[in-house]
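K.L.:
Please see the structure below; I have some questions.
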Amino acid sequence: MQLDVVGVFSPDLCGFLLLLGASLLSLTSLLAPWLSLATDLLPAERFDLSLWRGCVVHNGGPLQCRPHPGLLALPPHLLWARVLTGASLGFSLLALLLTAPGLQVVHSWGSRQKRVLLGVGGGLSLVAGLLVLVPVSHVARLASLSRFDPSLPPVAPRWEKGGALYSGWVAAGMHLGAGALLIATCYRQRGGAPETDPRGAPHPPGGPRQEDREGLNYSFQEVGTRLTTD
């Protein structure tokens, strides 16, 4: 597998780098706190709730965390958030594995195979972006409703958005942008890039190569000469 520096700033490579950053942010949103709870009665403490554990944060003190005892101990919206965010990370990693051999700077496949890999990787990136966007937006909506609920007394604690929601929104945008770049590169190569045969020789799409046409013409001339002689 050889690398080429010609297409360093090509759209497919930019899409791959966006996809890589989105995968890291998806992992961050999977581990970081989704909701935060603080009260005026205990201003030195804050309760952070993530998809895997709950932590009590003391200002200037130790961090006390406890994992969730099971899936049923989670609220339904956080349970679905864990499932969808984990699926998004899985689709993102699969898209990375499929997109890497299809990059222009990597000479390992033919142009047709590269287009297929870029198209499939772009589609998986779009799916990963939607999978992380849905739970993040839903949990943020519930936190906003709880914060501005007029039925709760003013001194009642209210949930606030955690850092995982913001990283999830950024990851969703990067996933969608990476998928759009990869699919656009796939269609651009389909329309204008020359195809390659299994031996690596480029030939224009939609017809045989020049040497193949010359061989066909020679064969037709030879057959015509034999018929005339007979």
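K.L.:
Could you sort Leu18, Leu93, Leu165, Leu72 by their accessible area in this structure, using a 1.4 Å probe and putting the largest first?
P.N.:
On the way: Leu18 60, Leu93 85, Leu165 0, Leu72 170 Å².
Ranked list, largest accessible area first: Leu72, Leu93, Leu18, Leu165.
K.L.:
Another one. Starting from the residue with the highest accessible area, list Val57, Val116 in decreasing order, probe 1.4 Å. Before the final figure, lay out each step's value.
P.N.:
Details: Val57 30, Val116 85 Å².
The residues order as Val116, Val57, largest area first.
K.L.:
With the Cα gyration tensor of region 67-151 in hand, give its eigenvalues times 5 under a square root as the equivalent ellipsoid semi-axes, listed largest first in whole angstrom. Present the calculation step by step, with values, prior to reporting the outcome.
P.N.:
Details: eigenvalues 291, 42, 11 Å².
The three semi-axes for region 67-151 are 38, 14, 8 Å.
K.L.:
To continue, here is another question. Taking all protein chains as present, what is the carbon and sulfur share of the accessible area of region 89-175, in % to the nearest whole number, probe 1.4 Å?
P.N.:
The value for region 89-175 is 73 percent carbon and sulfur by accessible area.
K.L.:
Follow-up question, since we're still on this one. Which order do you get for Tyr166, Tyr187 if you rank them by accessible area with a 1.4 Å probe, largest at the top?
P.N.:
Details: Tyr166 120, Tyr187 145 Å².
Listed by decreasing accessible area, they come as Tyr187, Tyr166.
K.L.:
If each Cα of region 22-80 is one equal point scatterer, what is log10 of I(q)/I(0) from the Debye formula at q = 0.27, 0.31 Å⁻¹?
P.N.:
The Cα Debye sum returns log10 ratios of -1.12, -1.22.
The values are calculated or read from the model by the stated rules, or taken from the named source; none is laboratory data. Please read these numbers as outputs of a predicted model, since none were measured by experiment. Calculation scope for accessible area: heavy atoms of the full protein, side chains included, ligands and nucleic acids excluded. Shrake-Rupley method; radii C 1.70, N 1.55, O 1.52, S 1.80 Å.
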